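Written out below as structure tokens is the structure these notes cover.
The values are calculated or read from the model by the stated rules, or taken from the named source; none is laboratory data. None of these values were measured; they are calculated from a predicted model. Virtual Cβ from ideal backbone geometry, glycine too; neighbours counted across all protein chains shown. Ligands, DNA and RNA are excluded from the accessible area calculation, which covers all protein heavy atoms including side chains. Shrake-Rupley method; radii C 1.70, N 1.55, O 1.52, S 1.80 Å.
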Amino acid sequence: MGLPFIPKDLNAKPKNHDFQFCEKRSLSQGFSFHPKLGEWLQGYHLFETDEILSVYELKCDDNSCPVQETLFVGSSHCLQIGKEKSQISKIDLRFAYERQIEKKSLS
């Protein structure tokens, strides 16, 4: 049997992968970090146009770590997208919606 994995740096601390609050906005106001995202989200009718959404971003402190997520939290729904908030594309939004919302409604 092989030895268990031993990290090279035994003093390494675990990475910080916490969601950090970014802002609260309604879809009609749009988002300061992405000019089109509010409009795109409106097309999915997931959140009300005047509903206040809390936006959180998960980003690692280590630049070499690929973990980046954005979380939109409304009063009745939550949508998590696996991209940095300013880098979200229309296709990223569609895939996240299909994976999280449509899958739940089919169950």
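Can you find even one residue in segment 50-67 that is free of Cβ contacts under 8 Å to residues at least 24 places away in the same chain, closer than 25 Å to residue 102 by Cβ and polar (S, T, N, Q)? The answer is no; no qualifying residue exists.
Report, by residue number, each residue of segment 13-22 that is within 13 Å of the chain's Cα centre (by Cα) and surrounded by 12 or more Cβ atoms within 10 Å (Cβ to Cβ).
Residues satisfying the conditions are 17, 19, 22.
Residue-level analysis places residue 48 outside the set of residues that are surrounded by 15 or more Cβ atoms within 10 Å (Cβ to Cβ) and not in a loop (DSSP other than H, G, I, E, B).
Of all residues in segment 65-78, those that are open to solvent by 30 Å² or more (accessible area, probe 1.4 Å) and of a type outside the set (A, V, I, L, M) total 7.
Step by step: first the residues of segment 79-107, then only those that are hydrophobic (A, V, I, L, M, F, W, C) and at pLDDT 90 or above, then the one that is most open to solvent (accessible area, probe 1.4 Å). Which residue is that? Ranking the qualifying residues of segment 79-107, first place goes to 95. Among the residues making up segment 51-64, those that are open to solvent by less than 100 Å² (accessible area, probe 1.4 Å) and either within 19 Å of residue 82 (Cα to Cα) or at pLDDT below 90 (or both) are 53, 54, 55, 56, 57, 58, 59, 60, 62, 64.
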